[in-house]
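All remarks here apply to the structure that follows.
A short reminder: the numbers here are calculations on the coordinates, not readings from a lab. Just so it is clear, the model here is predicted, and its values are computed rather than measured. For neighbour counting, all protein chains shown are included, and Cβ atoms are generated from backbone atoms with ideal geometry for every residue, glycine included.
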Amino acid sequence: MTPAQQLRLDIEACELPHPMFVEHLSALKRRIEDTFAGFAPKIVRVPGPSRVGKSSLIAKLSRDYAETRVDGRRQVRVLVVEVPPSATTKLLPKSVLRALGIRVSGSMTAGTMFDQMVEQLRLAGTRVVIFDETSHLVDEGSRVLPRAASDWLKTLMDTLGITLILFGIPRLERLFAANEQLRNRACPARNFLPYDASNAEQMAAYHACVTNYARMFAMAGYPIDVPARVLTQQCYLLTGGLIGKLSDFMRELAGVLRNEAPRAVTYADCQKALEDVSHAGSPHRLAFEDSGIDDAGVEPAALKQAYVHVLTSNAASVPVRKKSGDKR
């Protein structure tokens, strides 16, 4: 394996503890620990654009609350369930049972399947269920109406007294718009958004992520020979503030070097990497599209446009920030 190939593997395995990730992780772990301690269960939803980092959050929670054995009995206190596309009220309990490693007969009725799911969750000592891709329940052409899907989730929570954590893209909110009882059992949405370039603190956090990746390249013998400010701004045009998309770019940049001995990484290498990375930011200003380095930098309006494009293309609202000194 070449040094560049090892670098690519290291980037794939890298889980940056950036501020937004840590903020959401800490809040979700507090809610999980409250449930374990016997406090009232809640429904928590984490809507966010694709590639913002939701899967990394789920993976981290799954590792931190891995199943155990107590007196020889399996304990799955936190269970991760992937909601399949075109899910139905029969496929939902089947997906939960599959996540528990239990095969079920397809001839069961929806009611029997639900009852078996409840029994198995009790036997496993499950206190929290994390549903990934919950927004599949409100896909266009979904086989289950939003009201029926939200009723199913409410019934599961009430029957077992467990906390539910729902991840999905922003249209996940349709479940809560369709059911006031579900809303009343839920915390306010924990919107997982990309970093906003117009917010100095957030842009500094994004820059720190770019710097961390650049440090990995340098330690592997491939220093990135692009000014830090330029690299950050061009990466932002590409990603619109999505850290998952930034990781994609850095991985493909390492791939450009796969058969080469350690050397400096050039601006042209960054342009070459874009052949294998889809552009998430605004199509009106593409990343690394010029032929050299512009000392003037990228205008703030272009960076903001990249951020807004990511949100609107994922059907998410653009946050309205208070002006300085506005206490309303």
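Apply the Karplus parameterisation 6.51 cos²θ - 1.76 cosθ + 1.60, with θ equal to phi minus 60°, to every residue of segment 79-85 and state each ³J(HN,Hα) to the nearest whole Hz, in sequence, with x for glycine and proline.
For segment 79-85, the Karplus curve yields 10, 9, 10, 8, 7, x, x Hz.
Name the long-range amide H neighbours of residue 45: under 5 Å, sequence gap of 5 or more, or other chain; modelled H, no Pro or chain starts.
166, 187, 190
Which entries in the list 29/54; 29/245; 94/154; 54/245; 60/245 go over 23 Å, if you measure between the two C-alpha atoms of each?
From 29/54; 29/245; 94/154; 54/245; 60/245, over 23 Å: 29/245.
Across bins of 10 angstrom width beginning at 0, how are the C-alpha pair distances of segment 116-272 distributed, in whole percent?
9, 28, 20, 19, 17, 7, 0
Can you run phi through the Karplus equation (6.51, -1.76, 1.60; θ = phi - 60°) for segment 29-42 and list ³J(HN,Hα) in whole Hz, with x for Gly and Pro?
Running phi through 6.51 cos²θ - 1.76 cosθ + 1.60 with θ = phi - 60° gives 5, 4, 5, 5, 5, 4, 5, 4, 7, x, 6, 4, x, 9 Hz.
Taking amide hydrogens as modeled 1.01 Å from N in the peptide plane, which residues meet the under 5 Å criterion relative to residue 265, leaving out close sequence neighbours?
Correct list: 224, 225.
With θ set to phi - 60°, apply the Karplus curve 6.51 cos²θ - 1.76 cosθ + 1.60 along segment 243-256 and write out the HN-Hα couplings as whole Hz, x wherever there is a Gly or Pro.
Whole-Hz 3J(HN,Hα) from phi for segment 243-256: 6, x, 6, 4, 4, 4, 5, 5, 5, 6, 5, 5, x, 4.
Based only on other Cβ atoms within 10 Å, what is the fewest-to-most ordering of 290, 196?
290, 196
Looking at the chain as a GNM with Cα springs under 10 Å, which of 105, 150, 26 has the largest mean-square fluctuation?
105
Rounded to whole Å and ordered largest first, report the semi-axes of the equivalent ellipsoid of the chain derived from its Cα gyration tensor (root of 5λ).
40, 23, 18
Going by how many other beta carbons lie within 10 Å of each one, how would you line up 173, 140, fewest first?
Starting with the residue having the fewest Cβ neighbours, the order is 140, 173.
In segment 66-177, what percentage of the DSSP-assigned beta bridges are antiparallel, given to the nearest 5?
DSSP beta bridges in segment 66-177 are roughly 25 percent antiparallel.
Jot down the radius of gyration and Dmax of segment 40-184, Cα atoms only, both in angstrom.
Considering segment 40-184 through its Cα atoms, Rg and Dmax are 14.6, 46 Å.
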